[in-house]
Number of protein chains: 2
Amino acid sequence: MSSGASMMAPRCGVLTVEIEHVDAVTLEKLEKQGIDCEPKASTIMIIQDKYRQKTHFSKFGIPLPDFVEVDTLSSIEKAGEMFGYPLMVKSKRLAYDGRGNAVAHDKKELSSVVASLGGFEHGLYVERWTSFVKELSVIVARSRDGSTVCYPVVETIHKDNICHVVEAPAEVPDKIKKLATNVAEKAIKSLEGAGVFAVELFLTQDNQVLLNEVAPRPHNSGHHTIESCYTSQYEQHLRAILGLPLGDPSMKAPASIMYNILGEDEGEAGFTQAHQLIERALDISGASVHWYAKPEIRKQRKMGHITIVGPSKYSVKARLDKLLQRDAYDPKKVKPRAAIIMGSDSDLPVMKDAAVVLKKFNIPFELTIVSAHRTPERMYHYALSAKERGLEVIIAGMVASLTSVPVIGVPIMTSSLHGTDSLLSIVQMPKGIPVATVAIGNAENAGLLAVRMLASRDPELGDKATEYQHDLRDMVLEKAKRLEELGWEGYTELYLKKH
Amino acid sequence: MSSGASMMAPRCGVLTVEIEHVDAVTLEKLEKQGIDCEPKASTIMIIQDKYRQKTHFSKFGIPLPDFVEVDTLSSIEKAGEMFGYPLMVKSKRLAYDGRGNAVAHDKKELSSVVASLGGFEHGLYVERWTSFVKELSVIVARSRDGSTVCYPVVETIHKDNICHVVEAPAEVPDKIKKLATNVAEKAIKSLEGAGVFAVELFLTQDNQVLLNEVAPRPHNSGHHTIESCYTSQYEQHLRAILGLPLGDPSMKAPASIMYNILGEDEGEAGFTQAHQLIERALDISGASVHWYAKPEIRKQRKMGHITIVGPSKYSVKARLDKLLQRDAYDPKKVKPRAAIIMGSDSDLPVMKDAAVVLKKFNIPFELTIVSAHRTPERMYHYALSAKERGLEVIIAGMVASLTSVPVIGVPIMTSSLHGTDSLLSIVQMPKGIPVATVAIGNAENAGLLAVRMLASRDPELGDKATEYQHDLRDMVLEKAKRLEELGWEGYTELYLKKH
């Protein structure tokens with residue numbers, strides 16, 4: 001903190017920080033002089049020193065990777081034996097965007113890793129290596145009265161330790177979202193003062209959520225909120241520190257993705273690359289460019305960011321692909337919006353008609369075998385996780401009681417009772433368990449019904465559905481015209497020849 | 001335009017205006033000196049003079065209310081005879097927010113109305129009174145290469161001739177939206193230069209769309225775009241005049257409503273009223289406050305505005321009611337999201353169960369009688385207009401081929417065939433005509449299915465649907481527990497007593 005800032009402080013109603021690397025001792029002195037600092041100097045002090053931060057959160061029962069302070073080569077070797085390799089070695093202070101972190105892959109590398117971090121004199125600690133499946137982040141706002149609101153959980157995707165892409169909301173099950181939100185909220189409630197905080201988290205393979213670190217300010221993982229949420233993280237920070245009611249943190253659009261413009265080449269070449277990217281962004285629907293106008297470009301420096309907001313995860317990812325001129329995502333990796341499930345592969349000749357319709361309307365879907373009778377456990381888990389996995393409609397039967405996702409039932413034609421057994425078993429559901437049943441063997445209609453349901457929140461799809469309806473009408477009108485032209489006798493002759 | 005502005009002009013890459021009441025002659029001179037003015041001085045000149053504006057648009061075949069120039073008492077009396085009363089008398093120039101307009105209710109009022117407008121010397125014209133059902137507005141952006149994009153049609157609601165509320169999108173049929181967009185686009189294409197334009201329109205009782213007037217700049221009816229559209233009208237104006245690609249004008253959230261903060265009392269009292277309103281807005285989800293910080297408050301002066309964005313028209317209207325502390329909208333006036341239609345009132349004992357469910361989930365719906373057999377024409381028009389009227393799901397049968405809105409069929413129990421005739425006639429639809437059929441007489445499930453469909457774009461509703469599912473499960477578990485406690489004999493005894 002400059003002396004200018006501390007001279008200005010007495011004239012401020014409330015003092016806040018835009019970065020935690022400030023002179024927290026001066027901040028504390030100002031507090032003692034009666035200056036209202038939000039968040040509190042104590043919070044900045046805890047967060048500045050990453051080791052102290054870990055110790056603090058550990059005391060409050062927040063789940064963390066194991067960690068220990070090291071101050072000699074022998075103590076770091078001991079830690080290596082305890083935690084195994086690779087071993088994460090971290091500076092206690094001034095670590096930012098991957099700086100101040102280094103990895104030792106075996107005991108031999110320890111001394112060079114310590115040297116690369118400036119030796120033990122600036123303070124080091126080590127962490128057990130966390131093999132996470134995703135990195136998540138939750139922006140938490142805390143008001144002066146201590147109440148909190150949490151933004152939707154996002155996934156942060158790093159490139160060389162620097163945040164590169166943020167996907168909102170994160171594609172993780174609801175229970176992981178709840179867990180992440182709880183960990184984040186608990187962590188922030190253990191700190192003093194008002195403001196917006198970012199809680200960076202690891203999601204481990206065994207579905208644990210561990211705290212990585214906290215930033216006591218609006219954060220890169222919350223930049224998307226400017227365009228995608230009712231209240232941006234910046235407005236929220238002001239609301240929080242000024243004692244205004246906290247705003248609604250939820251998303252006003254279904255999906256958004258933020259892409260950091262990182263410096264590639266230095267100098268003019270770097271600016272040219274960035275400008276080309278921005279030029280492409282201007283042509284992409286829902287894309288907003290934020291260029292920070294930094295005077296110099298450096299490799300890996302955050303020069304700006306682009307947020308793309310859209311009607312679905314699928315569409316914002318496709319738009320990012322277009323922006324980056326890369327091939328579209330592997331369709332196998334695209335999250336399905338619809339599912340077709342069959343009790344047996346013998347249903348495929350019928351059920352494929354639903355698949356044909358979904359494909360025609362470009363709706364990502366999955367098709368699999370799940371039998372209520374023969375694989376009850378699989379059915380149970382399938383239905384239970386359907387909503388969490390983002391499915392919006394299921395074409396099948398029998399699973400309605402386990403999911404709140406709309407289910408469309410297709411009765412399969414049986415040889416013994418011509419499908420009436422199947423029809424009645426699907427359509428005659430008890431009260432409270434609705435299944436949208438279509439005609440016996442008419443999976444095409446099941447597909448069309450799914451399209452109509454999905455169209456309600458996707459205007460483009462709605463237009464296509466209307467067009468399809470018109471095509472059907474035109475086909476019949478075409479036939480009628482032909483019948484009138486040929487007369488009924490000529491048409492009958494032609495019809496019998498064709499069928 | 002001040003001399004300062006004309007001195008600055010040569011140093012500008014492009015010159016634009018934020019209001020049309022500028023010195024257009026100077027603008028034209030600057031153009032002749034090679035300054036790039038967008039839109040062109042010719043456009044500003046046409047728009048400044050409302051009579052000239054009407055003449056211009058009339059020449060290009062844009063539908064307008066009838067109008068005629070008047071310059072003497074006898075000519076205005078003649079116009080009164082021609083157009084009838086009430087007669088709209090307008091100043092040609094400097095008319096803004098209702099100023100420069102006056103209404104003569106009969107011939108006797110003409111001279112005082114003319115006097116109130118400053119006499120004939122400043123230029124007057126009269127317009128045939130338009131009894132409109134709604135006022136609409138379309139923001140059109142026109143790029144330097146002449147291409148245009150149009151924002152969604154909005155409804156503007158005026159109070160004492162001043163825009164008070166803007167609803168986006170407007171609640172009018174799709175064909176009216178198309179018509180309004182076409183008129184607006186055609187009008188702007190007749191003008192020269194790039195930029196954002198607002199086209200204010202009247203929707204008449206006989207579904208005509210007439211142009212009222214054009215503003216050659218971002219406009220009050222487009223303020224909502226800041227929060228609700230992918231590209232705000234301000235960013236769009238810059239894109240247009242700078243020759244960048246035009247941005248996507250569509251809405252990223254389903255609905256928004258803008259409320260102008262108009263000065264009530266003058267002085268301190270006025271500020272206090274406004275501040276109380278802003279304080280309430282801070283507590284309303286999705287509300288963004290824009291306070292213009294004008295130094296003085298005057299009656300009816302636009303002091304700021306509040307935009308509320310939300311997941312449905314219903315929710316943003318309810319939030320505006322809360323903001324204005326007025327009673328909720330008459331539920332009869334709330335636009336239904338779902339419809340329950342019956343072939344006959346004898347179906348009511350069954351179909352009411354669907355109504356009960358929709359009511360429970362707080363979904364606005366309509367319930368009416370439409371018979372495919374007995375009122376085919378009514379059925380035809382009903383189904384055809386369903387989507388346009390905003391219906392998202394219909395509970396009934398038989399109408400699927402005329403609408404792309406999802407249809408849920410409830411087979412009604414018949415005395416002769418126990419409802420199997422009804423079931424088969426609804427479920428066995430031909431390919432291309434999907435109807436989501438539920439069990440015979442089970443309208444409750446039809447209601448629940450409708451809820452699940454609507455929940456796909458309404459997270460709050462989704463949570464309620466999941467909760468309902470859990471309640472059902474808990475009810476059964478409760479019964480199971482009781483059965484285990486009482487034993488099967490005790491439970492049977494109790495059961496037989498109750499049923």
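Derivation of every value follows stated rules applied to the coordinates shown; laboratory data play no part. Note that this is a predicted model, so its numbers are computed, not measured. Because the Cβ atoms are built from the backbone with ideal geometry, glycine has one as well, and the counts that use them run over all protein chains shown.
Sorted shortest first, the separations between the A:Lys175 label point and its copies elsewhere in the assembly read 5.3 nm; each point sits 7 Å from Cα along the Cα-to-Cβ line.
Taking amide H atoms as placed 1.01 Å from N in the peptide plane, the amide H of B:Asp66 lies under 5 Å from those of B:Arg128, each 5 or more residues away in sequence or on another chain. Across chain B, the relative contact order, built from alpha-carbon pairs under 8 Å that are at least six residues apart, equals 9 percent.
Relative contact order, whole percent, for the stretch A:176-220 stands at 37, derived from Cα pairs under 8 Å and 6 or more residues apart. The aspartates and glutamates whose alpha-carbon is closer than 17 Å to the alpha-carbon of B:Lys352, local same-chain residues fewer than 8 away aside, are B:Glu366, B:Glu444.
Assign unit charges at the C-beta atoms only (+1 for Lys and Arg, -1 for Asp and Glu), then state the dipole size of the stretch A:338-456 relative to its Cα centre in Debye, rounded to the nearest 20. Spell out each step's value before the answer.
Numbers: 9 positive and 9 negative charges, 40 e Å.
That gives the stretch A:338-456 a dipole magnitude of about 200 debye.
Would you mind checking the pairs B:Lys92/B:Lys186; B:Lys335/B:Lys359; A:Lys29/A:Lys92; A:Lys40/A:Lys294 and listing those with alpha carbons more than 25 angstrom apart? All intermediate terms of the calculation are to be shown ahead of the outcome.
Values: B:Lys92/B:Lys186 23 Å; B:Lys335/B:Lys359 14 Å; A:Lys29/A:Lys92 23 Å; A:Lys40/A:Lys294 30 Å.
The pairs that break the limit, which is 25 Å between Cα atoms, are A:Lys40/A:Lys294.
Evaluated with a Cβ-only charge set (Lys, Arg +1; Asp, Glu -1), the stretch A:133-324 carries a dipole of roughly 380 debye about its Cα centre, given to the nearest 20. Working note: Karplus 6.51/-1.76/1.60 with θ = phi - 60° gives the stretch B:157-163 the couplings 10, 9, 9, 6, 6, 10, 4 Hz, where Gly and Pro are set to x.
Sum up the charges of everything whose Cβ sits under 10 Å from the Cβ of A:Glu135, counting Lys and Arg as +1 and Asp and Glu as -1, but leave A:Glu135 out. List each step's numbers first, then the result.
Numbers: positive: A:Lys134; negative: A:Glu155, A:Glu200.
The answer is -1.
Rg of the Cα atoms in chain B, relative to 2.2 N^0.38 Å, amounts to 1.24.
Take each residue of peptide B:438-447, count the partner chain Cβ atoms within 10 Å of its Cβ, and average: the result is 5. If only the Cβ of Lys and Arg carry +1 and only the Cβ of Asp and Glu carry -1, the dipole of the protein assembly as shown around its Cα centre is close to 280 debye. Against chain B, whose longest principal axis is taken from its Cα atoms, helix B:73-83 shows a tilt of about 20°.
Do any of B:Lys59/B:Lys252; B:Lys175/B:Lys302; B:Lys59/B:Lys107; B:Lys159/B:Lys322 go past 28 Å between their Cα atoms, and which? Working shown, then result.
Values: B:Lys59/B:Lys252 37 Å; B:Lys175/B:Lys302 33 Å; B:Lys59/B:Lys107 30 Å; B:Lys159/B:Lys322 19 Å.
Over 28 Å Cα-Cα: B:Lys59/B:Lys252; B:Lys175/B:Lys302; B:Lys59/B:Lys107.
Beta bridges assigned by DSSP with both partners in the protein assembly as shown are antiparallel in approximately 80 percent of cases. Scattering from the protein assembly as shown was approximated by placing one identical point on each alpha carbon and applying the Debye formula without solvent; log10 I(q)/I(0) at 0.05, 0.07, 0.09 1/Å stands at -0.40, -0.77, -1.19. For the stretch A:287-300, the Karplus equation 6.51 cos²θ - 1.76 cosθ + 1.60, evaluated at θ = phi - 60°, returns couplings of 8, 10, 9, 10, 10, 7, 6, 5, x, 10, 9, 10, 3, 6 Hz by residue, with Gly and Pro reported as x. Helix B:267-281 axis versus longest C-alpha principal axis of chain B: approximately 30°, rounded to the nearest ten.
Give the average, rounded to an integer, of partner chain Cβ atoms located within 10 angstrom of each Cβ in A:402-414. Could the numbers behind the result be given before it?
On the way: counts 2, 3, 13, 6, 12, 3, 3, 4, 0, 2, 0, 0, 0.
For this peptide, the per-residue mean of nearby foreign Cβ atoms is 4.
Each of B:Leu262, B:Gly310, B:Ala180 was scored by the projection of its Cα onto the charge dipole of chain B, and the greatest displacement toward the positive side belongs to B:Ala180; charges sit on the C-beta of Lys, Arg, Asp and Glu. Across the identical copies, the 7 Å label point of B:Gln273, projected outward along Cα→Cβ, sits 5.8 nm from its counterparts, in ascending order.
Of all lysines in the structure, those lying under 27 Å Cα to Cα from A:Lys481, and not within fewer than 8 positions of it along the same chain, are A:Lys464, A:Lys497, A:Lys498, B:Lys431. Label-point spacing at B:Lys299 relative to the other copies reads 7.0 nm, in ascending order, each point sitting 7 Å out from Cα along Cα→Cβ. Applying the Karplus relation 6.51 cos²θ - 1.76 cosθ + 1.60 with θ = phi - 60° to the stretch A:341-356 yields 3J(HN,Hα) values of 10, 10, x, 7, 5, 5, 7, 4, x, 7, 5, 4, 4, 5, 4, 4 Hz, where x marks Gly and Pro.
For chain B, the longest principal axis of the Cα atoms and the long axis of helix B:174-189 meet at an angle of about 20 degrees.
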